Amino acid sequence: MPSGELVEVPKATPLFRQWSGDTPADTFNHKPVLEFDGEMVFAELAILRIFQKAGWQGRWIDSYRKKYRMGYWGENVTEPLPPKQFAILDSIKAGCFGGCFDVFCWRDETFLFVEAKWRARDMIRASQRVWLQAALDAGLPKDSFLIAEWSFARPPLSKELQLRVFRRDKWVCRWCNRPVIFAPIMRLIESEMRKGSRHEPLSYYDAHWTRDGAPVLDELGAVIDHVNAHSTGGSSAEQNLATACCKCNGRKSAASMKDWAKRPQRRPIKGKYGEPQHWDGLSGLFVVLAQRDLDLRASEKAWLKVLTGAEA
């Protein structure tokens, strides 16, 4: 804070869906367009809607255009603040909009200012620290502020799409060029070992792919990675998906391609005698074992259906 005081502001991490309809011409200088209960909104309005559903009232404080918003597109989207709420806002920096948190909500005698930040994209600005300091100096309690660090909710990728990506990439990690392994096969191999009266401890399969419980999956488990991270707006279209090993997927996380290129990389594998041409991640072995296993899990049955359907 400008005063030198350390102030801890609570943080919430809401997930929002990306708008799937036609993108409007006016997106407030390229703001991400979201969907909330079927309504096309910006993040500030999505946060406002959450509080409204919980019985609060509020406004989006549009500090750029100096408006108090209930919506953005259409008619009757702005509405003045009630006198009491206006007086509270006016007591902070003499009503100056600069640095003001995005959403002002109230219920009974409780008041809350919420700042919307897109995860991994936005940070608190210096002007917002100045505004927060002024709000505290005006007598607002520290629990009157909240950071809403939002990101996109990730829709599940269909198994058909995942299989297309794995096969397109020849079951090889995009980032380190290592061959990857279809994770469900490791549980079936362990099951076969048990059926063969092998009862010693085995580190073939663990649901969490831990190094102690499943070292092969910890290193080489096949995952689908978003090239441009989903949490920062990357789509789930096939062209933005890549096969990755578990290690590279974890290391890349939500980094942009520019930032990822700057990070220490696993040394890429180069084949002296050429690249794998017929590696299938052991997915074929999974089909063989799964077809004779009567105790498949639901996800394994779904994978078997997709794999055998793709072979037909």
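The values are calculated or read from the model by the stated rules, or taken from the named source; none is laboratory data. Bear in mind that the values here come from a model prediction, so they are computed numbers and not experimental data. Heads up, the Cβs are rebuilt from the backbone with ideal geometry, glycines too, and the neighbour counts pull from every protein chain shown.
Restricted to the stretch 96-129, and to residues that are more than 17 Å from A12 (Cβ to Cβ) and not hydrophobic (A, V, I, L, M, F, W, C), which residue is modelled with the lowest pLDDT?
So, considering only residues that are more than 17 Å from A12 (Cβ to Cβ) and not hydrophobic (A, V, I, L, M, F, W, C), the one modelled with the lowest pLDDT is G98.
Quick one: would you say L296 is without any contact (Cβ under 8 Å) to a residue 40 or more places away in the chain, assigned by TED's automatic domain parsing to the domain that holds R174 and crowded, with 17+ Cβ neighbours inside 10 Å?
Yes, satisfied.
Does the stretch 251-270 contain any residue that is modelled with pLDDT of 95 or more, of a type in the set (V, I, T) and either out of contact with any His (no Cβ under 6 Å at 6 or more places or on another chain) or closer than 19 Å to G284 by Cα (or both)?
For the stretch 251-270, residues modelled with pLDDT of 95 or more, of a type in the set (V, I, T) and either out of contact with any His (no Cβ under 6 Å at 6 or more places or on another chain) or closer than 19 Å to G284 by Cα (or both): absent.
Does K84 satisfy the criteria of being in the same structural domain as Q18 (by TED's automatic domain parsing), under 33 Å from the mean Cα position of the chain (by Cα) and of a type in the set (K, R)?
In short, no.
In the stretch 200-215, is there at least one residue being closer than 21 Å to E300 by Cα and of a type in the set (K, R)?
no
Scan the stretch 70-94 and report the pairs whose first residue is at negative phi and whose second residue is of a type in the set (S, T, Y) and outside any loop (DSSP other than H, G, I, E, B), with Cβ atoms within less than 8 Å and a gap of 6+ or a chain change.
M70/T78; T78/Y68; E79/Y68; P80/Y68; L81/Y68
Which numbered condition trips up C248, out of (1) over 15 Å from the mean Cα position of the chain (by Cα); (2) surrounded by fewer than 20 Cβ atoms within 10 Å (Cβ to Cβ)?
Failing condition for C248: (2).
Do you know which of the residues in the stretch 69-104 that are within 30 Å of T23 (Cβ to Cβ) and among the acidic types (D, E) is surrounded by the fewest Cβ atoms within 10 Å (Cβ to Cβ)?
E75
Do you know which residues across the stretch 267-303 are assigned to a helix (DSSP H, G or I) and more than 19 Å from Y204 (Cβ to Cβ)?
Answer for the stretch 267-303, where residues must be assigned to a helix (DSSP H, G or I) and more than 19 Å from Y204 (Cβ to Cβ): Q291, A298, K301, A302.
From the list A148, A153, A134, A116, exactly one residue is in contact with an Asp or Glu (Cβ under 6 Å, 6 or more places away or on another chain) and among the hydrophobic types (A, V, I, L, M, F, W, C). Which is it?
Residue meeting the stated conditions: A116.
May I ask you to say which residue of F97, F145 is assigned by TED's automatic domain parsing to the domain that holds P83 and touching a residue at least 60 places away in the same chain (Cβ under 8 Å)?
Unique residue meeting the criteria: F145.
What about F104, is it in contact (Cβ under 8 Å) with a residue 12 or more places away in the chain, part of a strand (DSSP E or B) and not small (G, A, S)?
Considered against the rule, which asks whether it is in contact (Cβ under 8 Å) with a residue 12 or more places away in the chain, part of a strand (DSSP E or B) and not small (G, A, S), F104 comes out as yes.
Out of S236, S197, I need the residue that is hydroxyl-bearing (S, T, Y), in contact with a helix residue (DSSP H, G or I) (Cβ under 7 Å, 6 or more places away or on another chain) and at pLDDT below 95. Which one? Can you show your working first?
On the way: S197 fails: in contact with a helix residue (DSSP H, G or I) (Cβ under 7 Å, 6 or more places away or on another chain).
Answer to the selection: S236.
Among the listed residues R168, R125, R178, R107, which satisfies the condition of being among the charged types (D, E, K, R), assigned by TED's automatic domain parsing to the domain that holds G233 and loosely packed, with under 15 Cβ neighbours inside 10 Å? Before the answer, list the steps.
On the way: R125 fails: assigned by TED's automatic domain parsing to the domain that holds G233; R178 fails: loosely packed, with under 15 Cβ neighbours inside 10 Å; R107 fails: assigned by TED's automatic domain parsing to the domain that holds G233.
Exactly one residue qualifies, and that residue is R168.
Looking only at the stretch 35-58, how many residues end up being within 22 Å of the chain's Cα centre (by Cα) and without any contact (Cβ under 8 Å) to a residue 40 or more places away in the chain?
Final tally of qualifying residues: 11.
Across the stretch 257-266, what is the number of residues that are part of a loop (DSSP other than H, G, I, E, B) and either without any contact (Cβ under 8 Å) to a residue 40 or more places away in the chain or hydrophobic (A, V, I, L, M, F, W, C) (or both)?
Total satisfying the criteria: 2.
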